[in-house]
Amino acid sequence: WRSRLRRDEDWIKQYFNFLEIYYKKHQSGDNYCFKDILQDLYDVHSKSRDGQYQFKIEISFASKLLHTVNPDYPIWDSQVRKKLGISNSKKTINDAVKAYDELCTRYALMKKDPQFKTFVVTFDSLFPKFTWITETKKIDFYLWM
């Protein structure tokens, strides 16, 4: 899994620590939001290939952590972002939060579309072993195709 995350070991340990923290928050009903996760990940420095420390706005990792804790939230993915026409501007944490909020809004609009129920029924009939996954994950699957 280290090679897939492409971050140094300290950053990876902290990521999984945050995963545990936010999972416990979710289980206990404590409030948290995407921005909290994004800020926590930003505050963890990682080493670049040349050994320099850097702080990065990790919108993709933050969304994956949030989705793991609560699968009703979508994952930020470049392919999905492009298909939905959402800007990749993330110069600040607030920019990233706005972009992720736009992604969430788009998913919510898709779920309200009258044809969405037909999509879910079709998905479930094509993939009966996966009827249990969230509507959000079903949209992800469709958009990643």
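So which of Lys83/Lys138; Lys56/Lys90; Lys13/Lys82 end up more than 20 Å apart by C-alpha? Table pairs above 20 Å Cα-Cα are Lys13/Lys82.
Give me the net charge for the shell around Ile57: Cβ to Cβ below 13 angstrom, other residues only, Lys and Arg +1, Asp and Glu -1. Can you show the working numbers first?
On the way: positive: Lys35, Lys56, Lys90, Lys91, Lys98; negative: Asp40, Asp43, Glu58, Asp95.
My count for the surroundings of Ile57 gives +1.
Take the Kirkwood radius over Cα pairs of region 1-123, plug it into Stokes-Einstein at 10 °C and 1.306 mPa s, and you get 100 µm²/s for translational diffusion.
If you fit an axis through the alpha-carbon atoms of helix 9-28 and take the longest principal axis of the Cα set of the chain, what angle between them do you get, 0 to 90°, nearest 10? So the helix axis and the longest Cα principal axis differ by about 50 degrees. The convex hull of the Cα atoms of region 85-126, projected and averaged over all directions, covers 3.7 nm².
For n ≥ 4 DSSP H runs only, could you compute -39500 (n - 2.57) per run for the chain, divide by its residues and tell me the 222 nm figure to the nearest 500?
Working: 8 runs with 92 residues, N = 145.
That calculation yields -19500 deg cm²/dmol at 222 nm.
Among Ser87, Ser63, Ser125, the largest mean-square fluctuation in a Gaussian network model of the chain, built with springs joining Cα atoms closer than 10 Å, belongs to Ser125. Here the extension length gained between His26 and Tyr142 equals 39.1 nm, from 0.36 nm per residue of separation less the Cα-Cα distance.
Please identify the trypsin sites (Lys or Arg not before Pro) of region 66-145 that satisfy two criteria: DSSP loop assignment and at most 16 other Cβ atoms within 10 Å. Which are they? If you can, show how the numbers build up before the last one.
On the way: sites: Arg81, Lys82, Lys83, Lys90, Lys91, Lys98, Arg106, Lys111, Lys112, Lys117, Lys129, Lys137, Lys138; in loops: Lys90, Lys91.
Taking region 66-145 and a limit of 16 other Cβ atoms within 10 Å, the loop trypsin sites (Lys or Arg not before Pro) found are Lys91.
Each reported figure results from applying straightforward, stated rules to the coordinates on display, with no laboratory input. These numbers come from a predicted model, not from an experiment. Ideal geometry is used to build each Cβ from the backbone, glycine not excepted, and the neighbour counts take in all protein chains shown.
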